[in-house]
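Working notes for the structure below.
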There are 2 protein chains.
Amino acid sequence: MANASDEFALIEWLRAQMAERRTDRVLLGIGDDAAVVRTSEIGETLIATDVLLEGVHFSLPDATARDVGHKALAVNLSDLAAMAARPTAAVLGAVFRRELGEPFARELLQAAADLADRFAVELVGGDTCIWDGPTMVCVTLMGEPTGRGVVRRSGAKPGDSILVTGELGGSLAGKHLRFQPRVEEAIALHAAAQLHAMIDVSDGLAADLNHILRESRVGAVLDAERIPTSDAAHRARDGRSPLEHALGDGEDFELLFTLAPEDAQHLLAHPPCDVPLTCIGQIVSGSGCQLRHPDGSLQPLAPSGWRHRF
Amino acid sequence: MANASDEFALIEWLRAQMAERRTDRVLLGIGDDAAVVRTSEIGETLIATDVLLEGVHFSLPDATARDVGHKALAVNLSDLAAMAARPTAAVLGAVFRRELGEPFARELLQAAADLADRFAVELVGGDTCIWDGPTMVCVTLMGEPTGRGVVRRSGAKPGDSILVTGELGGSLAGKHLRFQPRVEEAIALHAAAQLHAMIDVSDGLAADLNHILRESRVGAVLDAERIPTSDAAHRARDGRSPLEHALGDGEDFELLFTLAPEDAQHLLAHPPCDVPLTCIGQIVSGSGCQLRHPDGSLQPLAPSGWRHRF
């Protein structure tokens, strides 16, 4: 389609950038009416899409152009990681606020291209516009399952252990913009053990666990003292405890997954990736989530998280 | 990713809408971190993406919610038609201006879903937000080649006939919002004859022919009197002739293609589709485009079109 407002010829520039990086998976890249990529031999394609809006998902100049370009692709990489899938190709729609100028636009696109490179993703198409409104980026990412198939939200079973990668909470201090999507970790974990259900922590631990519980028609008990809280959650000093941050904050983009307890023991004893793994609770029959405190008391955990009451 | 601003729960609504329409091509639809679709047996996937912006590509209330939802998918269908490919699955990112309200959002999504249905396209994912800024829709469409392979912009050869479907010019009178993408026509044409190069007329006949000429490293001669001009181009009465409209106006979304002259004769004698076909000129060696007037005189044709000079 026409790029009527594309005064910077950004797509031509991106085409030149990507031409140097093309592999033989790309049969036809940027510059025709559509791109053509070689499809997975498994015969299934995964697709994720996300919109990032200035003033909603990021604010300028708190976020740099590189931050926005990185995050626009990274959130989609995290979605495919949550399925334990391998990302393959992406297209990018971007609308730039005119006053930010061409360097901002190029830096943003370059950051997306750099992250694509890191994960062997082909950036095969795009549509860019300049206007007087806010900046907006919409990335669509494709991928393919590994031999073990995709991991859905709906596969959790009573008795499963609940594990999480990394540490949670306080992401808004910076991690939400510059996080590393857990793509390799997810594939390594799913290769080492059959994962039953998985999601990436984008809405918050309590909310995202609730997605798994609802889709799997099961309940869960989380152990409060086992939930790994990040340094940022401890540094927050906003009246909320590190645990409250870990349960309620969004955009950690860590992996939250369930699997048979014996498989969990195996993973914890022989971790297939460098990022820390922590068992934080157990899937039970029923519905909803309960938080078990160190004194053994159980408390219902709302999807929005938990507020300590004095 | 989180739909933090999705107060209308639009994705849940769309998920329910699409669940009724799902075929066994969709292995996993809306509602998980990514969708999974069965991939073409040909082993190649096409991808096109387009952004539609309020105030740039459409204006409200001149365009209705249905117009915008239709056009957002239709422009991508037209891109895949231009490759003679079969569309398969789409994802949709949409940002709605809050004051337009939920009915507007649902009508827009419904129109996209209806058009998807008409072309057997699975709408498998989405990301929606509500904000105080302008409405924006970004659709990414996937497809697969037919047995004859895709038609690129770069395949035109000296001696080729240049054909166009339908009539051109004056699209802004309404066709630009409500056009029917030439998907079936493109597949039928490419099945009946080996097309060498093709594009959809989105920037304007002169500009889009120029894309083919540049990518194919050839030139062209167009016959002014053979260019089919639309009723809307004749009705325009803005001082520009119907021919000027046909050459310079964008968004007709007709097919412009080149093929061997004997194949063109065959197609014109035995059209494989209902939409009219017209031979408007010939590919020549060299570069650039010339317009041949009825008196035989030749005039260079700029990509921006042609202005009659008195």
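Along Cα-to-Cβ, 7 Å out, sits the label point; list in nm, shortest first, how far the one on A:Pro158 is from those in the other copies.
7.9
Using the alpha-carbon centroid of each, what span in Å lies between region B:153-190 and region A:142-195?
45 Å
Rounded to the nearest 500, what is the protein assembly as shown's calculated 222 nm mean residue ellipticity when only DSSP H runs of at least 4 contribute -39500 (n - 2.57) each, over all residues? Please report the intermediate quantities before stating the final value.
Values: 18 runs with 184 residues, N = 620.
Here the helix-only value at 222 nm equals -9000 deg cm²/dmol.
Among bridges DSSP assigns within region B:10-145, what percent are antiparallel (round to 5)? It would help to have the intermediate numbers written out before the result.
Working: 20 of 31 bridges.
Counting DSSP beta bridges with both partners in region B:10-145, the antiparallel share is about 65 percent.
Check the straight Cα-Cα distances from B:Lys157 and name the aspartates and glutamates below 12 Å, setting aside those fewer than 8 residues away within the same chain.
The reachable aspartates and glutamates, counting only those whose Cα sits under 12 Å from B:Lys157, are B:Glu215.
Determine, for B:Met18, A:Met136, A:Met198, the number of other Cβ atoms within 10 Å of each Cβ, and report the residues in order from fewest to most.
B:Met18, A:Met198, A:Met136
Determine, for each peptide in A:73-81, A:176-184, B:121-129, the mean count of other beta carbons within 10 angstrom over its residues, then list the peptides with the highest first.
Working: A:73-81: 28.9, A:176-184: 20.8, B:121-129: 26.2.
Highest to lowest by the protection proxy: A:73-81, B:121-129, A:176-184.
Could you tally the net charge around A:Asp223, taking each other residue with its Cβ under 14 Å from the Cβ of A:Asp223, Lys/Arg +1 and Asp/Glu -1? Intermediate values should be presented prior to the final figure.
Working: positive: A:Arg226, A:Arg292; negative: A:Glu225, A:Asp295.
Around A:Asp223, the charge tally is 0.
R0 = 45 Å: FRET efficiency of B:Glu99 with A:Asp238, Cβ-based, nearest 0.05? Each step should come with its number before you reach the end.
Numbers: r = 33 Å, r/R0 = 0.73.
Approximately 0.85, to the nearest 0.05.
Report, for chain A, the % of DSSP beta bridges that are antiparallel, rounded to 5. Walk me through the numbers on the way to the answer.
Numbers: 42 of 59 bridges.
Of the beta bridges lying entirely in chain A, close to 70 percent run antiparallel.
Out of all DSSP beta bridges in region A:161-301, what portion is antiparallel? Express it as a percent rounded to 5. If you can, show how the numbers build up before the last one.
On the way: 21 of 27 bridges.
The antiparallel proportion sits near 80 percent.
Would you tell me the mean number of C-beta atoms belonging to other protein chains that fall within 10 Å of each C-beta in A:92-101, as a whole number? Write out the running numbers ahead of the final one.
Numbers: counts 4, 10, 2, 7, 0, 0, 0, 0, 0, 0.
What the average comes to for A:92-101 is 2.
Note the full-extension length gain between A:Arg226 and A:Arg15 as 0.36 nm times their separation in residues minus their Cα-Cα distance, in nm to one decimal.
Working: separation 211, 0.36 × 211 = 75.96 nm, distance 4.78 nm.
Length gained, A:Arg226 through A:Arg15: 71.2 nm.
Which cross-chain or sequence-distant (5 or more) residues have an amide H under 5 Å from the amide H of B:Leu123, H modelled 1.01 Å from N in plane?
B:Ala90
Using the Karplus curve 6.51 cos²θ - 1.76 cosθ + 1.60 with θ = phi - 60°, work out ³J(HN,Hα) for each residue of region B:224-231 in order, rounded to whole Hz, and write x for Gly and Pro.
Rounded to whole hertz, the list is 3, 6, 9, 6, x, 9, 7, 4.
Name the residues whose placed amide hydrogens come within less than 5 Å of the amide hydrogen of B:Leu168, ignoring near sequence neighbours (fewer than 5 apart) on the same chain.
Excluding prolines and chain starts, which carry no amide H, the hits are B:Thr229, B:Ser230.
I'd like the mean, over residues of B:39-45, of how many other protein chain beta carbons sit within 10 Å of each residue's own Cβ.
On the way: counts 9, 3, 2, 1, 7, 6, 14.
Across B:39-45, the average partner-chain Cβ count within 10 Å equals 6.
Pop out the ³J(HN,Hα) list for region A:147-161 in order, Karplus 6.51 cos²θ - 1.76 cosθ + 1.60 with θ = phi - 60°, rounded to Hz; leave Gly and Pro as x.
Taking θ as phi minus 60°, the curve returns x, 8, x, 7, 9, 8, 7, 9, x, 5, 10, x, x, 4, 7 Hz for region A:147-161.
Could you give the size of the charge dipole of chain A about its Cα centre, using +1 on the Cβ of each K and R and -1 on the Cβ of each D and E, expressed in debye and rounded to the nearest 20? Display every interim value, and only then the final one.
Working: 28 positive and 44 negative charges, 147 e Å.
Once rounded to the nearest 20, the dipole reads 700 debye.
Taking a quarter of the surface of the convex hull around the Cα atoms of region B:161-301, what do you get in nm²? Write down the numbers at each step before the final one.
Working: hull surface 32.8 nm².
With every direction weighted equally, the projected area is 8.2 nm².
Rounded to whole Hz and in sequence order, give me ³J(HN,Hα) for region A:107-120 from the Karplus expression 6.51 cos²θ - 1.76 cosθ + 1.60, θ = phi - 60°, writing x for Gly and Pro.
Taking θ as phi minus 60°, the curve returns 4, 5, 5, 4, 5, 5, 5, 5, 5, 4, 3, 4, 10, 6 Hz for region A:107-120.
Starting from the Cα gyration tensor of region B:166-229, take the square roots of the eigenvalues, sort them a ≥ b ≥ c, and report rounded, prolate or oblate (rounded when a/c is under 1.5, otherwise prolate if a/b is larger than b/c, else oblate). Walk me through the intermediate numbers first.
Values: a/c = 1.72, a/b = 1.14, b/c = 1.51.
Oblate shape, in that a/c is at least 1.5 and b/c is the bigger or equal ratio.
Note the angle between two axes, namely the Cα long axis of helix A:205-216 and the longest principal axis of the Cα atoms of chain A, as a number of degrees from 0 to 90, rounded to the nearest 10.
90 degrees
Within a 10 angstrom radius of the beta carbon, how do B:Leu256, B:Leu247 rank from fewest other beta carbons to most? Could the numbers behind the result be given before it?
Values: B:Leu256 23, B:Leu247 29.
With the sparsest Cβ surroundings first, the list reads B:Leu256, B:Leu247.
Relative contact order of region B:161-301: what whole-number percent is it, with Cα pairs under 8 angstrom and at least 6 residues apart? Provide the component values of the computation, followed by the final result.
Values: 292 pairs, mean separation 62.6, N = 141.
So the answer I get is 44 percent.
Using Cα-only point scatterers and the Debye equation, what is log10 of I(q)/I(0) for chain A at each q in 0.09, 0.10 Å⁻¹, rounded to two decimals?
-0.48, -0.59
Put a dot 7 Å past each Cα toward the Cβ at A:Ser285 and A:Asp24; how far apart are the dots in nm?
In this crude spin-label approximation the distance works out to 5.5 nm.
For region B:223-249, list residues with backbone N below 18 Å from a point placed 7 Å from the Cα of B:Leu172 toward its Cβ?
Counting only backbone N, you get B:230-249.
Count, for each residue of A:51-60, the Cβ atoms from other chains sitting within 10 Å of its Cβ, then give me the mean as a whole number. Mind dumping the intermediate values first?
Values: counts 13, 4, 6, 2, 3, 8, 5, 0, 0, 0.
Counting other chains' Cβ atoms within 10 Å and averaging over A:51-60 gives 4.
Going by alpha carbons, how many degrees (0 to 90, nearest 10) lie between the helix axis of B:10-19 and the longest principal axis of chain B?
In chain B, helix B:10-19 runs at an angle near 80 degrees to the longest axis.
Going by amide H atoms built from the backbone, whose H comes under 5 Å of the H on B:Ile162, apart from near neighbours?
Amide H neighbours of B:Ile162: B:Ile280, B:Gly281, B:Gln282, B:Ile283.
Could you work out how much longer the chain between A:Ala269 and A:Arg217 gets when fully extended? Use 0.36 nm per residue separation minus the Cα distance between them, nm to one decimal. Write down the numbers at each step before the final one.
On the way: separation 52, 0.36 × 52 = 18.72 nm, distance 2.93 nm.
So the extension gain works out to 15.8 nm.
For region A:78-120 and region B:257-293, compute the distance between their C-alpha centroids and round to whole Å.
Each part reduced to its Cα centre gives a spacing of 40 Å.
Any read-out appearing in this document is the output of simple, stated calculations on the displayed coordinates, not a laboratory observation. Keep in mind it's a predicted model, so treat the numbers as computed, not measured. So basically every Cβ, Gly included, is an ideal-geometry build from the backbone, and we count neighbours across all protein chains shown.
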